[in-house]
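Read the structure below first, then the notes.
The values are calculated or read from the model by the stated rules, or taken from the named source; none is laboratory data. Being a predicted model, the structure only gives us computed values, none of them experimental. Because the Cβ atoms are built from the backbone with ideal geometry, glycine has one as well, and the counts that use them run over all protein chains shown. The protein model used for the area step is the full one, side chains on, heavy atoms only, and it has no ligands, DNA or RNA in it. Shrake-Rupley method; radii C 1.70, N 1.55, O 1.52, S 1.80 Å.
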Amino acid sequence: MSMILPPAAGDGPAAEMTPGGSPAPVAAPGTGSPRGTSVWQDAFLRLRRNPAAIAGAVIVILFLLVAALAPLIAPYPGEAVPGAREITPGVIPGPGELPEHPLGLDRFGGDVLSKLIWGAQSSLLIGVISTAFGLAGGMVLGLLAGAFGGWVDGVVMRIVDILLSVPNLLLAVSIAAVLGQSPYAVMIAIGVAQVPIFARLLRSSMLSQKGADYVLAAQTLGLSRRTITMSHVLPNSVGPVIVQATLTLATAVIDAAALSFLGLGGGRPETAEWGRMLTYAQAELGIAPWLAFLPGICIAITALGFTLLGESLREALDPKSRAR
């Protein structure tokens, strides 16, 4: 009768067993993840162990919750001025001076805490919609250039080069000035400025995927170019684009505040928006510096959250990082 002996000391480690008695999944050579785990599952596992990713996710989730629950948690409506009678020439009540206004009042008598909460909702809408617009436009151009190549690629990339020749903020300012002063003009302006970034990234990712072994195998099987592009090449090329969209959200929030600071966001002076709050805080810096500091720190923390999450996601999806 033959016996199954445990491996000798030089034969390699024995397989680990699960509590149920079955062998545990074995990590694939050169990776830190078990066999059968997809790239996105492996990235999620890496993000859960990354302190920077956790910090970024906490900031982003908190930002989203504040924006979504603004009607419930904000003490006053966004354009309300409940403390107008408390404002006198040269005197603006600050944080802690009035119990009903814990963060003080602005120059119009609006509650600063309420303005910050409603401003989170406004910045979220502008950032997400403008990034989605830029992502959609960039993916269309990148897909055309990467799928067809030839003269189509040449025409598309010349359009992208023209857009890239103008700095993003200057291009956004020009578009917003032409379209008029409104939040929709700001969204379109920021989105158009982001289109070339996504277009170039998707095109380069698709071109690198076209020479992969699975594409050659699909061509050998007789699959059409459309099927190969839409069912295989495109899904395997969107990873870097999604990572860039996360990073671009941080830029979109800053650009939205910058355009509102320049007076291109439209709306009334009392409208709750972080960039607009910075605009009207300039004249009061000598007597009420918190009016500029509070919205500024909100913009910085929000951008930091999206940046930490995006950079961590990029690292988690990097093949060189997964091989360590």
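If you build the convex hull over the alpha carbons only and average its shadow over all orientations, what do you get for the range 71-137? Give it in nm² to one decimal. Show your work: numbers first, answer last.
Values: hull surface 22.4 nm².
Averaged projected hull area, Cα only: 5.6 nm².
The mean accessible area for residues of the range 47-89, using a 1.4 Å probe and ignoring ligands and nucleic acids, is 65 Å² per residue.
Taking each pair of different alpha-carbon atoms in the range 207-280 once, compute 1/r for the pair, average those values, and report the inverse of that mean as the Kirkwood hydrodynamic radius in Å to one decimal.
Working: mean 1/r = 0.0636 Å⁻¹.
In the range 207-280 this quantity evaluates to 15.7 Å.
Taken as Cα centroids, the range 38-67 and the range 153-192 sit 30 Å apart, rounded to the nearest whole angstrom. Stretched out straight at 0.36 nm per residue, the stretch from residue 100 to residue 140 would grow longer than its current Cα-Cα span by 9.3 nm. Which residues in the range 186-224 place their backbone N less than 17 Å from a point set 7 Å from the Cα of residue 236 along the Cα-to-Cβ direction? Within reach of a label on residue 236, which here means backbone N under 17 Å from a point 7 Å along Cα→Cβ, the range 186-224 contributes 202-224. Solvent-accessible area of the range 146-205 (1.4 angstrom probe, protein heavy atoms only): carbon and sulfur portion equals 72 percent. If the chain linking residue 216 and residue 178 were pulled fully straight, counting 0.36 nm for each residue of separation and taking away their Cα-Cα distance, it would gain 8.9 nm. On the basis of the beta-carbon distance and an R0 of 30 Å, residue 297 and residue 153 show a calculated FRET efficiency of 0.10. Annotation for residue 125 and residue 223: the two label points, set 7 Å from Cα along the Cα-Cβ direction, are 4.2 nm apart. In sequence order, the range 65-72 has phi-based couplings of 5, 4, 5, 6, 9, 3, x, 8 Hz under the Karplus curve 6.51 cos²θ - 1.76 cosθ + 1.60, θ = phi - 60°, and Gly or Pro positions carry x. Carbon and sulfur atoms: what percent of the 1.4 Å accessible area of the range 216-324 do they account for? Roughly 64 percent, rounded to a whole number.
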